[in-house]
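Step one of this worksheet: look at the structure below.
We did not get these values from a lab; they are worked out from the coordinates using the rules stated. Since we're looking at a predicted model, the values are computed, not measured. Glycine gets a Cβ as well: all are built from the backbone with ideal geometry, and neighbour counts include every protein chain shown.
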Amino acid sequence: MTYATVMVSLALDQPNEPRLEVAGELAERFEAAIVGVAAAQFAPPLYFTDSAEAQGLIDEGEASIKWRLAGLEAEFRAATKNRGGHAQWRCALDFPARFVLAQARCADIVVSGARSPAFSDAFARASPKDLVMQVGRPLLVVPDTVNWLDLRNVLVAWKDTPEARRAVADALPLLRKARDVTIAMILEQGDERSVATAGVTDVADWLARHGITATARICEGAPNESAAAQLERAAGDLGAGLTVAGAYGHSRFRELILGGVTQHLVTQSARSVLLSH
């Protein structure tokens, strides 16, 4: 298994350099094609005018978006011109998440920027929280503070769920290129240590049969410490440059209301994260 096509989702009014750098590096590592995608939709003002004036306002807004999308294409072309391999650009006047989801059919992995905790404009950018639920591909979320794909230490956040199993399988190409891989399970209330140990050991053995040496680790935090905080602390202790995790092990409604590991990884983590659902 490898990544033959890397897709990178660009956004208006957000820094794109980190995700472009990581996507370009991915394409080089795997000798893959790289596809840049971007979309935006004109958001009309809350007030409404008569038909002629309204149409003029719409035309002006769409022209501005097309001009800004052209700017994103120029940024993508400049970032990929020395990367080698095939580069392709796709853009549209559309809702960003809907457009990226449709185009992802041609990709093996999708690279996105992280979403800030503040309100996300669905007319101008695709939230990674929406992408990971529907994209059907591994999603690599790159924070604005990251400018390279650090695979010296990779943390696999393990929980025995379909999402986590899928994430580890999707990450195999990256794990093969990592220097050190650690499989960590956060013990939560009701978890039995013996069962958890057997689980992470099974995953380590499975990776070994794929030629990947991994260390198994069970993490226990303070009684009131959240799983997200424990995971972040474990990643920090390891100096992890990448976290691999399943997305939305609990219901998405619970994640949105109460937060959770997925919420933390796409909004606050200081390192890149590969998510699968």
Least to most buried among S9, S276, by other C-beta atoms within 10 Å and fewest first, runs S276, S9
Once normalised by the length of the chain, the mean sequence separation of its alpha carbon contacts under 8 Å that are 6 or more apart gives a contact order in percent of 21
Calculated from DSSP helices alone, with each H run of at least 4 adding -39500 (n - 2.57) and the total divided by the residues of the chain, [θ]222 nm to the nearest 500 comes to -12500 deg cm²/dmol
Taking the chain, the lysine pairs whose C-alpha atoms sit under 26 Å apart (8 or more places apart or on different chains) add up to 5
Taking only the alpha carbons of the chain, the radius of gyration and the largest Cα-Cα distance, Dmax, both in angstrom, are 20.0, 71
Hydrodynamic calc, segment 153-276: Kirkwood Rh from Cα pairs, then Stokes-Einstein at 25 °C with viscosity 0.890 mPa s, so D in µm² s⁻¹ is 170
Projected onto their principal axes, the Cα atoms of segment 130-187 stretch, largest extent first, over whole-Å spans of 27, 26, 23
For the pair T161 and A198, the simple spin-label estimate (label points 7 Å beyond Cα toward Cβ) gives in nm 2.2
Per the 1/(1 + (r/R0)^6) rule, R0 = 35 Å and r from the Cβ atoms of R90 and R209, FRET efficiency to 0.05 is 0.40
Bounding extents of segment 87-192 in its principal axis frame from Cα atoms, largest first in Å, are 50, 34, 27
The extension gain from L172 to K81, computed as 0.36 nm times the residue separation minus the Cα-Cα distance, is 30.0 nm
Quarter of the surface of the C-alpha convex hull for segment 5-142, i.e. direction-averaged projected area in nm², equals 8.4
Fewest-first ordering of I58, I183 by Cβ atoms within 10 Å yields I58, I183
The distance between the Cα centres of segment 196-220 and segment 148-166, in whole Å, is 11
Comparing P143, P128, P223 in a Gaussian network model of the chain (Cα, 10 Å), the one with the largest mean-square fluctuation is P223
Of segment 166-209, those with amide N under 19 Å from the point 7 Å along the Cα→Cβ vector of E31 are 173-178
